[in-house]
DNA sequence: CTAGGGTTAG
């Protein structure tokens, strides 16, 4: 910029004529503003050509205030300035502003050019404003741009994004000189609506036209084929930009290969908010919530503001961990206007609050979502059911019908779960009938699972067993597991033996099944069978299942394993436990090994009952939170029967409210009883 | 103004 040090010299004016170089290469807004003031000083601030370049550069800094200042400074803006304005606004994702700018341009009497349309059309596509898109299409025709490959490519994308794939195909077919870009638009559109076969055919046509596909198209097509091996080969010679690599990261995440995804992510030179969100979401949906949150923090450290996608990823991670404080903190980062919250983000929030046992807040979010789609309703219903608010769940279902939202299979999964947790056998049968007979929805294995669960818990073990046999599909481990739960609750070891044999077949990797089966054999003195199961476990290299519980205190998630002594406050925790033990025994509590038969944690001695992970987490909660705070614990397995009895009494002795979420449901302990009414 | 398409979510 040395050339500008003496602006009065004639070299300054000359320099401005090679301005493209300068005006496009500003590192800071300050530099740009400096040049702007120089222009004003020498009276060149009314040259539209120069202002246009200045305007274009100003968008690099996303300062719309300054951008408008530049624009409004011109006394007579020309069509190029208007175009630059529209394009710039689109480039910084201000789609509504871009459309407003386009409207002003039209009001001022300017005709759009071939350069204008692609950008306004993109704004429409991103806002899914199909009506305006149609209007623009007719203008395109009227003004004679219907052969323009650029304009039509944008139209293809608009139609595809708004879900009108047939129209997109029609426009695409009429493009006389198709190129890679227009082919990409239609291929992406086809994949977007799940027409992978057609997308692949289109890709073949592209090759037949002797067009060279870019890496991005290759990634999309290969993802559509899910040809992992091929992709690996293709990856090596691929040119990488942020779009391509982010797609690759997403692809590997979707295949469950998080190591590969992370490797690509770390190697990326430029990461944008989408790359971060994709990676966070990848962790969250692959059951790695801690990593998801770690990366979320990492992103904030890089000075990036989370967008909706990153938020959804973080929230679903919090939901899984039961980390209410973290979830609330995350959502506070984003200025969520309760009335404009989008349904996807809303659902994630409802889910997070529901899984953290905070249904009042979930309901507030639910009320605030204007555009409630079916998923939102379903999330609210299953949230209520999961938290034991069964009448409320039924009421919301009634509302849903009143609003004319047709329920789907998931709605009934929520309702049936509610029936199960409340032991409402007749209501459950009714809902199942409504679904099948009246709404003609085909029950999935999940629905059968709920019904089996419902019947088993109510002690109707034969009926449940019959239902399994009559199912049109093969029963899976979840269904058999439900029946096993009933056997446990009603102490039917004979049926349990049969069920466990099935389960060992179905999930040979699940150590819990072997442990329970061998426990049952031992209890019925079938020592040989017990020994066989044990040695089978050894042969298959089974490792013990370790129970694991989490508790969040002051925004930090603490993890406990069975008999864990690794926590810094371990001593305090154990002395609290022995103190509690005395109080418990004084209150008439006798540790029971009765449950050990069905225990999936491979620990048989009374000693270990004292230090199951959930008890450790509760004890830690007691010594590290204030007396009025609710203690929330999450366990990765079913809560152990003995611990359940103990925690009931702990809640009575200490007067604290304790909420334990296990794999199945919430247990809200208060005053010596549990919300599950010992029914789980 | 020499463009246009394309990546993430409940």
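What follows draws every value from the coordinates through simple rules; no lab data is involved. If you're wondering where the values come from, they're calculated on a predicted model, not measured in any experiment. With ideal geometry, Cβ positions are generated from the backbone for all residues, glycine too; neighbour counts draw on all protein chains shown.
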Could you give the length gained on full extension between residue A:623 and residue A:536, defined as 0.36 nm per residue of separation minus the Cα-Cα distance, in nm? 27.1 nm
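Could you tell me the calculated FRET efficiency between residue A:670 and residue A:505, based on Cβ-Cβ distance and R0 = 30 angstrom, to the nearest 0.05?
Values: r = 41 Å, r/R0 = 1.37.
Here the calculated transfer efficiency is 0.15.
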Translational diffusion of chain A, µm² s⁻¹ [Kirkwood Rh, Cα pairs; Stokes-Einstein; 25 °C; 0.890 mPa s]: 83
Quick check: pseudo-label points 7 Å beyond the Cα along Cα→Cβ at residue A:106 and residue A:578, how many nm apart are they? 8.1
If one compares the long axis through the Cα atoms of helix A:258-267 with the longest principal axis of the Cα atoms of chain A, the angle in degrees, nearest 10, works out at 30
Full extension from residue A:263 to residue A:93: what is 0.36 nm times the residue separation minus their Cα-Cα distance, to one decimal in nm? 58.3 nm
Using 10 Å bins from zero, what percent of all Cα-Cα pairs in the range A:271-384 falls into each bin? 16, 50, 30, 4
Could you tell me the calculated FRET efficiency between residue A:242 and residue A:663, based on Cβ-Cβ distance and R0 = 56 angstrom, to the nearest 0.05? 0.90
Tilt, helix A:493-506 to longest principal axis of chain A (alpha-carbon atoms), in degrees rounded to tens, equals 30
Using only Cα atoms, find the angle between the long axis of helix A:130-142 and the longest principal axis of chain A, and express it within 0 to 90 degrees, rounded to the nearest 10. 30
Starting from 0 in steps of 5 Å, tell me what percent of the Cα-Cα pairs of the range A:104-258 lands in each bin. 2, 9, 17, 20, 18, 13, 11, 5, 3, 1, 1, 0
Over what distance in Å are the Cα centres of the range A:371-386 and the range A:286-322 separated? 23
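Could you list A:214, A:351 in order of exposure, starting from the residue whose Cβ has the fewest other Cβ atoms within 10 Å?
So the ranking, lowest neighbour count to highest, is A:214, A:351.
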So for A:650, A:468, A:623, fewest C-beta neighbours within 10 Å to most, what's the order? A:623, A:468, A:650
Ranking A:196, A:318 by Cβ neighbours within 10 Å, fewest first, what do you get? A:196, A:318
Label point 7 Å out from residue A:554 along Cα-to-Cβ: which residues of the range A:611-650 have amide N under 12 Å? A:624-626
Residue A:526 paired with residue A:546, simple spin-label distance in nm, labels 7 Å along Cα-to-beta-carbon: 3.2
Alpha-carbon centroids, the range A:512-539 and the range A:88-128: separation in whole Å: 71
Placing each pseudo-label 7 Å from Cα in the direction of the beta carbon, residue A:332 and residue A:29 end up separated by a distance in nanometres of 2.8
